[in-house]
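J.: Got a structure for you, written out below as structure tokens; questions coming shortly.
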Amino acid sequence: MQTLSEIWFALPLIVAISLVYAGTRHEAMGVILGHAARVGGWIAGCMSLIWIFLLLVSWWL
């Protein structure tokens, strides 16, 4: 089972992906950071939902 400390490795990936994705869409730094925060929230939320689902499935099986 994955420990909680290993989940922190996803944080730099989420930040990098969000910044690159937002940077390809906008040119102004303020807009990029705002968009990156929203995209990062979506990525973290989706990853959390998938993690919870897999955790429940592993307990059920």
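Computed from the coordinates by the stated procedures, all read-outs in this text should not be read as laboratory data. All values reported here derive from a predicted model rather than from experimental measurement.
J.: Expressed as a whole percent, how much of the Cα-Cα distance distribution for the chain exceeds 13 Å?
T.: 65
J.: Further question on the same structure: Starting from 0.36 nm per residue, how many nanometres of slack lie between residue 57 and residue 25 once their C-alpha separation is accounted for? If you can, show how the numbers build up before the last one.
T.: Numbers: separation 32, 0.36 × 32 = 11.52 nm, distance 3.72 nm.
Length gained between residue 57 and residue 25: 7.8 nm.
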